[in-house]
Amino acid sequence: MPIPVLYCRDALNPRRVDEHFALEAREVRACGGAVGLIDHDALLQGDVQQAVADVPAGLGRVWYRGWMIPSGRYAALAGALNRRGTELLVTPEQYRTAHELPGWHATFADVTPASVWRPAKPGEMVTADDLAALAGSLPPGAGIVKDYVKSRKHEWEQACFIPDLADAAGLTRVVRRFVELQEDFLAGGIVLRAFESFSRLESVAAEVRVWWLDGEPRLLTPHPDSPFGRGLVPDLDHIGPAVRRLGCRFVTTDVALRSDGVWRVVEVGDGQVSDLHQSSSRAELAALLVGEANRPGTVSLTARLGGAA
Ligand SMILES: Nc1ncnc2c1ncn2[C@@H]1O[C@H](COP(=O)(O)OP(=O)(O)OP(=O)(O)O)[C@@H](O)[C@H]1O
Ligand SMILES: [Mg+2]
């Protein structure tokens, strides 16, 4: 049976899929998958009943594909759907594990930059002493700051990059600016990561987004922010075991080539809320989700990469 997919509805046209996902949803239908609609705005505002009001009863086991959802709201969504006979294929625990850095970091420790974190509330004034203590367990050198989910990479100098983790004043300035700019969107807390030097293409980090289904790399796309339509083919041999240990059915890993030639995981994400590069095939992703790509005769990426998983 094709697996149904829940998308976010369009705010202005509630019977339609949000424009950003409309093409992908069309491909899901073309594969025989049913498409349901949730109200993402209502979910984030705390009205979970309204969020699921238009989901047909008894859809069975479904994927979600759409905008990011804070982990607590995802749990509320799962509960409300369960009461209507619909079960998200990704449990709330699995969603949090893949979506938030503290959930996946230990499993990927060998293949991703060293990281430390602490919980923080939006707008919280973290002391310089606390930050110095936190940074003290990272290797010396440069670092970056982000929250459990997102960075402010577009404000690199003022709110992301920390030239020297041992410079308490500089560290505090960048982290405080990050917290200030995140406003109410600060997710979970503050993460400090050791900086690693990744290769860049025309000044943009050359990241490849790898889409894993049931522990297999099934699709390679450029990172959604990449100006390039196609990227490099990464070596995934050392990354596959960590993905399989994580135990989440549908995840993405953004991988980048470090200057010493080793492919590193920049971050892990829940595949349901990972954005797809504009040049990438909606049909391929839809076929994976709906289950058509698992039919006999369909060549998996693993086979195409020569058993890279
Ligand atoms: N430890 C690191 N060393 C070097 N560069 C890093 C490091 N962590 C992040 N970066 C750079 O900063 C960018 C943003 O970091 P990251 O992907 O963790 O944040 P994000 O805001 O979640 O991004 P996305 O837009 O992919 O969701 C990365 O694409 C990479 O170029
Ligand atoms: Mg990223």
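The values are calculated or read from the model by the stated rules, or taken from the named source; none is laboratory data. Bear in mind that the values here come from a model prediction, so they are computed numbers and not experimental data. Methodologically, a virtual Cβ is constructed for each residue, glycine included, from the backbone with ideal geometry; neighbour enumeration extends over all protein chains shown. For the accessible areas, the whole protein counts, side chains as well, though only heavy atoms, and no ligand, DNA or RNA atoms are used. Shrake-Rupley method; radii C 1.70, N 1.55, O 1.52, S 1.80 Å.
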Net charge, Cys8 excluded, C-beta distance under 9 Å - Lys, Arg +1, Asp, Glu -1: -2
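What is the sum of charges, Lys and Arg at +1 and Asp and Glu at -1, for the other residues whose Cβ falls under 12 Å from the Cβ of Ala75?
+1
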Cut-off under 5 Å, modelled amide H: who pairs with Thr91 long-range: none
Listed residues Arg209, Arg96, Arg258, most fluctuating in the chain (Gaussian network, C-alpha, under 10 Å): Arg258
In sequence order, calculated HN-Hα J values of segment 173-185 (Karplus, 6.51, -1.76, 1.60; Hz; x Gly/Pro): 4, 5, 5, 5, 5, 4, 4, 4, 6, 5, 6, 6, 8
Intensity falloff of the chain expressed as log10 I(q)/I(0), Debye formula with alpha-carbon point scatterers, at q = 0.07, 0.09, 0.11, 0.13 Å⁻¹: -0.28, -0.47, -0.71, -0.98
Most mobile listed residue (Val210, Val174, Val145) in the chain, GNM with C-alpha springs under 10 Å: Val174
Exposure of Lys146 as accessible area (Å², to 10), given a probe of 1.4 Å and all protein chains: 20 Å²
Highest-fluctuation residue, Ser274, Ser199, Ser137 considered, GNM on the chain with Cα pairs under 10 Å: Ser137
Segment 1-150 - convex hull of the alpha-carbon atoms, volume per residue in Å³: 151 Å³
Convex hull of Cα atoms in segment 5-89, direction-averaged projection (nm²): 5.0 nm²
Residue-by-residue Karplus 3J(HN,Hα) for segment 210-217, coefficients 6.51, -1.76, 1.60, Hz, glycine and proline x: 9, 9, 10, 10, 6, x, 10, x
Estimated vicinal HN-Hα couplings, Hz - segment 81-88 in sequence order (Karplus 6.51, -1.76, 1.60; Gly, Pro = x): 5, 4, 5, 9, x, 10, 10, 5
Segment 1-47, relative contact order in percent, only Cα pairs under 8 angstrom and at least six apart counted: 45 percent
Probe 1.4 Å, protein heavy atoms only - accessible area per residue of the chain in square angstrom: 46 Å²
Carbon + sulfur, % of accessible area of the chain - ligands and nucleic acids excluded, 1.4 Å: 52 percent
Listed residues Ser115, Ala286, Phe161: farthest to the positive end of the dipole of the chain (Cβ charges): Ala286
For Ala142, distant residues with modelled amide H under 5 Å away: Leu165, Phe195
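Do the sum for the chain: with -39,500 (n - 2.57) for every DSSP H run of n ≥ 4, divided by all residues, what is the mean residue ellipticity at 222 nm, to the nearest 500 deg cm²/dmol?
One gets -8000 deg cm²/dmol as the mean residue ellipticity at 222 nm.
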Protein-only accessible surface order, largest first, of Lys150, Lys121 at 1.4 Å: Lys121, Lys150
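Just add up the charged neighbours of Val266: K/R +1, D/E -1, any other residue whose Cβ is under 11 Å from the Cβ of Val266.
Here the charged neighbours net out to +2.
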